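The values are calculated or read from the model by the stated rules, or taken from the named source; none is laboratory data. Keep in mind it's a predicted model, so treat the numbers as computed, not measured. Cβ placement follows ideal geometry from the backbone for every residue including glycine, while neighbour counts extend to all protein chains displayed. Keep in mind that these areas ignore ligands, DNA and RNA; they rest on the heavy atoms of the full protein, side chains included. Shrake-Rupley method; radii C 1.70, N 1.55, O 1.52, S 1.80 Å.
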Amino acid sequence: VTCVEAVEAYVERIREVNPLINAVVKDRFEEALQEARQVDRLLSEGPGDDCLEEKFPLLGVPITVKEAFSLHGMPNTSGLVNRRHVIASSDAAVVSRLKQAGAIPLGVTNCSELCMWYESSNRLYGRTNNPYDLQRIAGGSSGGEGSVLAAACSVIGVGSDIGGSIRMPAFFNGVFGHKPTAGVVPNDGQFPNAQGVRTSFLCTGPMCRYAEDLELMLRVMAGAGANKLKLDEKVSLEKIKFHCMDHDGGSIFVSPVDKEILQVQKKVVEHLESELGVQVQRVAIHKMKYSFQIWSAMMSSKDSDGQEAQLFTDLLGDHGKPVWPLWELVKWLVGMSSHTLPAIALGLTEKVMKLNPGGNAKLVSMGKSLQEEMEALLGPDGVLLYPSHPTTAPRHHSPMCMPFNFAYTAIFNVLGLPVTQCPLGLSSEGLPLGIQLVAASYNDHLTLAVAQYLEKAFGGWVLPGKV
C-alpha cells in the first residue's frame, strides 16, 4: 500500500463519518496528500528500510491533533469564540516531533471550551458525538480525538490531560490513552497552557486504537526525556505487584460505579490471577474519597514561588475584557452568551473556592500525603487497577447533573502518576468499558506492558457498529 493510498483511505473515512460525529473541525487533506506523495518518493529512491525506520519511526502515518495544540496553518482556538481568527503560525513541541518522525497530520479535532470540561462542545464548532451512540458524549477535553480514533478516521492522535482529558475520552470511546509521568513530555505550544502550580499537573500524551502504538508515540513525543520512563526495560508481568480498588470509597460528589464497570474489573482481576498466577491485592485508600476536593484545592494553590494559579475567568477573556461569570449566566439564559454553560459554571465555582483558604490548605496537605502513600504502595513494581469513571459514556448534557464524576481521573494529575487507559470490550448497551492502570512515577513502562497484555486478553478496540 502506498502512503498516498493510506492517506486517501483515511480522508475518505473522515468524509464519510465526520458529518455524524463532528470530530475533525478543520482538515488539511490537500497538504496531507502532498506530504504522502513526498513519502512515496522517498521510499522509491531512498536508502534501505532499516535506516529510514530509525530516522522516521512514523513515516507516512496519518495522525490527528487536538485543536488546542498549534499545528501550522490550522486554527488554535480551544473552542473560544473570541479566538476564532487565531491561526497557528508554528507547531507545538510534540506536533513538531511527530512530524519530524514522519507523521502526516490530517487535521485538528474538537475539544471543550478552554479544555476544562468533560463534554467536547463549544460555541465555535458545536458538539462532538460518540461513535458508539451519537446521543452520548465523546468525553473531554480531548473528545474529538477520542471520537475520531474510535471511528477509525485516524491511526494515532495527540491529547492533553489536566483532569482526565486524555483518559475520559479514551474510556468513553473504547481506545487507548496514556497520561505520562508529569514533566516528561513538553506542553509547549498549546492553548491554554498551564501556569504556576498547574505546570506539573498538565500532561500531553498519546491516544490510539492499538496498545503497541502508545510506547512508540511516547518515545517520539518525549524526545530525550523518554529515557526517564524506562521504556527499554523488559517487563515481567508475573513479577508485577497488582493492587485493585473498586471505587473511591463513596464520595458524596460522585456517582456510584456502574455494575458493569465493576464486573469487568473483577474479570480482569480473575484473569490476572488465573493466567499469570499473581495475587491481586485489594486495597482501600481512604483519602481517595476526597479526590475531587483535593484536585480542586491543588489546582488553585500557589506554586513554590508563591505565584497564584491563573484564573479561569481571565482565560475566558483571553487578554481582553475580564469575564464576569454571573453576568455571563444571565446572558446565557437569554441566549446571548458566547460561552458554554460548563465554562460559566466553572468560573462561578472558582469564585466560591477562593472563599475558604484554610480548608484548601488542609486539602493540599492531604494531597501531598496521598501522593506519598501511593508512591510507597506502588513502589518500583506495582500497578493499581482503578475505575476510569463511575459510568459509561453519559448522554449529552447529563454531565451537568454530576459535574464532579471526573474525579476518578483527575486525582492522578495532582499526584503526578503515569496512567494508561485500557478498553475492555462493550457493555450490554454497546458502550465501551475500560480500566485505568496506574504506576509510581517514571514507571510508565509497567502500565504500557499491562495494557498490551489486556488488549490481547479482552480484545481491545471494537469497531463501532460491528455488534
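Numerical summary
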item: Residues of segment 65-105 classified as open to solvent by 10 Å² or more (accessible area, probe 1.4 Å) and in a helix (DSSP H, G or I), total; result: 8
item: Contacts under 8 angstrom Cβ, first residue in segment 243-256 being among the aromatic types (Phe, Trp, Tyr), partner surrounded by 15 or more Cβ atoms within 10 Å (Cβ to Cβ), 6 or more apart; result: 253/292; 253/293; 253/404; 253/407
item: Condition broken by residue 263, with the remaining ones in (1) within 22 Å of residue 379 (Cβ to Cβ); (2) surrounded by fewer than 19 Cβ atoms within 10 Å (Cβ to Cβ); (3) more than 22 Å from the chain's Cα centre (by Cα) satisfied; result: (1)
item: Matching option when the condition is open to solvent by less than 40 Å² (accessible area, probe 1.4 Å), under 30 Å from residue 360 (Cα atoms), within 22 Å of the chain's Cα centre (by Cα) and not aliphatic (A, V, I, L, M), among 255, 251; result: 255
item: So residue 155, is it farther than 28 Å from residue 331 by Cβ and either open to solvent by less than 10 Å² (accessible area, probe 1.4 Å) or in contact with a His (Cβ under 7 Å, 6 or more places away or on another chain) (or both); result: no
item: Residue match in segment 127-139 (condition: among the hydrophobic types (A, V, I, L, M, F, W, C), surrounded by fewer than 21 Cβ atoms within 10 Å (Cβ to Cβ) and under 19 Å from residue 213 (Cα atoms)); result: no
item: Test: residue in segment 402-418 that is among the aliphatic types (A, V, I, L, M) and surrounded by fewer than 20 Cβ atoms within 10 Å (Cβ to Cβ); result: yes
item: Of residues in segment 272-294 being open to solvent by less than 20 Å² (accessible area, probe 1.4 Å) and either in a helix (DSSP H, G or I) or at pLDDT below 85 (or both), the one farthest from residue 374 (Cα to Cα); result: 272
item: Hey, residue 56 open to solvent by less than 60 Å² (accessible area, probe 1.4 Å) and either of a type in the set (Gly, Ala, Ser) or in contact with a helix residue (DSSP H, G or I) (Cβ under 6 Å, 6 or more places away or on another chain) (or both) or not; result: no
item: The listed residue being in contact with an Asp or Glu (Cβ under 9 Å, 6 or more places away or on another chain) and open to solvent by less than 10 Å² (accessible area, probe 1.4 Å), out of 432, 464, 394, 390; result: 390
item: Residue within segment 17-28 that is open to solvent by 50 Å² or more (accessible area, probe 1.4 Å) and at pLDDT below 90 present; result: no
item: Residue count, segment 201-230 (criterion: open to solvent by less than 20 Å² (accessible area, probe 1.4 Å) and either in a loop (DSSP other than H, G, I, E, B) or closer than 17 Å to residue 438 by Cα (or both)); result: 12
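Residues checked against (1) of a type in the set (Asp, Glu); (2) closer than 18 Å to residue 171 by Cα:
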{"position": "238", "(1), (2)": "yes, no"}
{"position": "245", "(1), (2)": "no, yes"}
{"position": "255", "(1), (2)": "no, yes"}
{"position": "260", "(1), (2)": "yes, yes"}
{"position": "268", "(1), (2)": "no, yes"}
{"position": "271", "(1), (2)": "no, no"}
{"position": "277", "(1), (2)": "no, no"}
